[in-house]
Amino acid sequence: MSGSEWIARTGRPAAALRRAEELGAFVETYAEPGIPAAVKDLIDVAGQPVRNGTPGLGHRIAGTDAPVWARLRAAGYAAVARTTVPELAWSGRTPGCGNPWDPSRDAGGSSGGSAVAVATGATVVALGTDTGGSIRIPAALCGVAGLRPTHDTLDLRGITPVTPSMDTVGPIAATAADCLRLHGLLGGAIEPVPALADLTVGLPVHLWAGKCDPEVVRLVEEAAATLRAAGVKIVEVDLPLAARHARTAGYTTMLFESARQWWAEYQRDPSGLAGRAAGLLRAGSEVSVPDYERARELAAAIRAEVDAVFGDVGALLLPTVPVTAARLDEETVELGGRAEDVENAYYRLTALASVGGHPALTVPAGLSAAGLPVGAQLVGPRRQEATLCALGTVIEDGPAARELALARRNLQDETVRTQP
């Protein structure tokens with residue numbers, strides 16, 4: 001479908017673009033013919049400025065398209081917006097970006113603008129990047145689907161590096177099927193999918209037991225029930241190494257590698273950063289090589305632990321984020337009777353795939369009692385994105401997920417009715 005056909009069919013893009021801009025999703029928009037897409041402001045689109053969410057660090061005018069964007073352009077997509085991103089994508093939140101379901105709440109990060117673009121209907125798809133969870137977190141909080149591909153399988157040239165051993169690029173879209181189609185366009189492998197009756201999905205309940213919003217638990221359990229009703233076997237599994245070390249191993253790696261990428265340049269011109277990224281780079285510059293090597297050893301051990309579990313199950317199911325979207329002015333959320341930093345909570349369950357390099361998908365699981373989206377996360381063996389998306393499609397067909405999809409369409413239609 002061409003961009004003009006989509007606009008004529010839905011009537012949404014012009015009003016939805018304005019709504020996404022009001023929510024702080026975009027740093028720049030463009031009148032480009034084609035199927036409307038948004039691009040995270042780390043990714044090269046020929047002729048467009050790349051700002052990385054910073055006042056100056058790493059700024060450039062892209063001379064050519066990043067290979068992943070060139071593939072989408074060849075398929076008829078147009079980069080109509082560059083999306084808001086925290087400095088160097090170093091945050092699970094996107095400053096200045098509100099959630100379409102409740103503008104007083106967080107859109108998540110660092111691909112928050114990309115998730116808002118899709119959730120509002122401003123674009124059909126958005127490109128994001130995912131290091132520690134930056135596609136999955138905002139997609140879950142905004143009620144859309146997001147795919148983190150297997151690490152090191154898509155071309156990252158023309159994309160600002162943050163943590164090369166964990167960085168990925170991938171799609172945010174309305175559904176798992178859309179994510180898979182876009183994954184193929186981006187150059188990802190699409191392997192055969194086993195019959196649902198032949199699949200077993202593992203529930204690592206110990207990763208979130210007692211540390212998860214009851215509404216999130218309820219909806220992920222409903223997702224498991226929907227899979228079970230479709231013939232998928234559900235079993236509990238244990239990942240003790242991941243439970244103890246995934247977040248720490250990932251965080252240490254991100255600190256060390258991002259500092260090696262950017263600390264020297266920041267020191268040459270401190271005006272290039274204005275927020276918390278400067279402190280994170282400074283902290284990363286102080287991480288010792290032995291500590292980094294230990295983190296990478298732990299990451300390898302976690303990957304081996306997860307791979308061993310994949311000898312018995314075809315995928316893992318867990319919450320994407322253990323809470324619904326926090327209020328913009330909140331720094332902590334309460335989980336299990338204790339206050340936890342918002343970003344730590346957001347990152348806790350996405351770290352598993354990030355550290356191990358496995359593919360992971362978030363799909364909308366349903367709405368909480370307060371009317372906020374909850375995401376169900378599927379993690380799979382390397383290059384098994386198609387299996388994850390098949391399972392995600394089943395979850396999307398469950399009653400709670402269908403209710404969310406209808407509410408999202410109503411939200412988009414309401415934008416058309418109320419925008420000038």
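The values are calculated or read from the model by the stated rules, or taken from the named source; none is laboratory data. Every value quoted in this text rests on a predicted model; they were computed, and no experiment measured them. Backbone-built Cβ (ideal geometry, glycine too); neighbour counts: all protein chains shown. These area figures cover heavy atoms from the full protein model, side chains too; ligands, DNA and RNA do not enter into them. Shrake-Rupley method; radii C 1.70, N 1.55, O 1.52, S 1.80 Å.
This table checks each residue for (1) under 27 Å from ALA189 (Cα atoms); (2) touching a Phe, Trp or Tyr at 6+ places or on another chain (Cβ under 8 Å); (3) among the hydrophobic types (A, V, I, L, M, F, W, C); (4) not in a strand (DSSP E or B).
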{"position": "ALA339", "(1), (2), (3), (4)": "no, no, yes, no"}
{"position": "GLU343", "(1), (2), (3), (4)": "no, no, no, yes"}
{"position": "SER354", "(1), (2), (3), (4)": "yes, no, no, yes"}
{"position": "HIS358", "(1), (2), (3), (4)": "yes, no, no, yes"}
{"position": "VAL363", "(1), (2), (3), (4)": "yes, no, yes, no"}
{"position": "GLY366", "(1), (2), (3), (4)": "no, no, no, no"}
{"position": "ALA370", "(1), (2), (3), (4)": "no, no, yes, yes"}
{"position": "LEU378", "(1), (2), (3), (4)": "yes, no, yes, no"}
Just to be sure before I move on: is PRO161 open to solvent by 10 Å² or more (accessible area, probe 1.4 Å), out of contact with any Phe, Trp or Tyr (no Cβ under 6 Å at 6 or more places or on another chain) and not basic (Lys, Arg) in the structure I sent?
yes
Selection within the stretch 221-260 - within 16 Å of ALA209 (Cα to Cα), touching a strand residue (DSSP E or B) at 6+ places or on another chain (Cβ under 7 Å) and among the hydrophobic types (A, V, I, L, M, F, W, C)
ALA224, VAL235, VAL237
Screening PRO290, PRO322 for residues that are closer than 24 Å to ARG93 by Cα and either open to solvent by 60 Å² or more (accessible area, probe 1.4 Å) or assigned to a loop (DSSP other than H, G, I, E, B) (or both) leaves only PRO322
Does GLY202 qualify as being modelled with pLDDT under 95 and surrounded by 14 or more Cβ atoms within 10 Å (Cβ to Cβ)?
no
Can you confirm whether GLY98 is in contact (Cβ under 8 Å) with a residue 24 or more places away in the chain and either aromatic (Phe, Trp, Tyr) or surrounded by fewer than 17 Cβ atoms within 10 Å (Cβ to Cβ) (or both)?
no
If you check GLU222 against the conditions, is it closer than 28 Å to PRO364 by Cβ, part of a helix (DSSP H, G or I) and either among the polar types (S, T, N, Q) or open to solvent by 30 Å² or more (accessible area, probe 1.4 Å) (or both)?
yes
All conditions in (1) part of a loop (DSSP other than H, G, I, E, B); (2) out of contact with any helix residue (DSSP H, G or I) (no Cβ under 7 Å at 6 or more places or on another chain) are true of ARG260 except (1)
Extreme residue, farthest from ARG71 (Cα to Cα), among residues of the stretch 164-184 that are in contact with a Ser or Thr (Cβ under 8 Å, 6 or more places away or on another chain), among the small types (Gly, Ala, Ser) and open to solvent by less than 10 Å² (accessible area, probe 1.4 Å):
ALA176
Return yes when PRO359 is touching a Leu at 6+ places or on another chain (Cβ under 9 Å), within 21 Å of PRO103 (Cα to Cα), surrounded by 23 or more Cβ atoms within 10 Å (Cβ to Cβ) and touching a residue at least 60 places away in the same chain (Cβ under 8 Å) and no when it is not.
no
Pairing a residue in the stretch 222-235 that is modelled with pLDDT of 95 or more with any residue that is among the charged types (D, E, K, R), where Cβ atoms lie under 6 Å and the two sit 6 or more apart in sequence or on different chains, gives ILE234/ARG228
Taking the options LEU378, LEU335, LEU411, name whichever one is buried (at least 20 other Cβ atoms within 10 Å of the Cβ) and in contact (Cβ under 8 Å) with a residue 24 or more places away in the chain.
LEU378
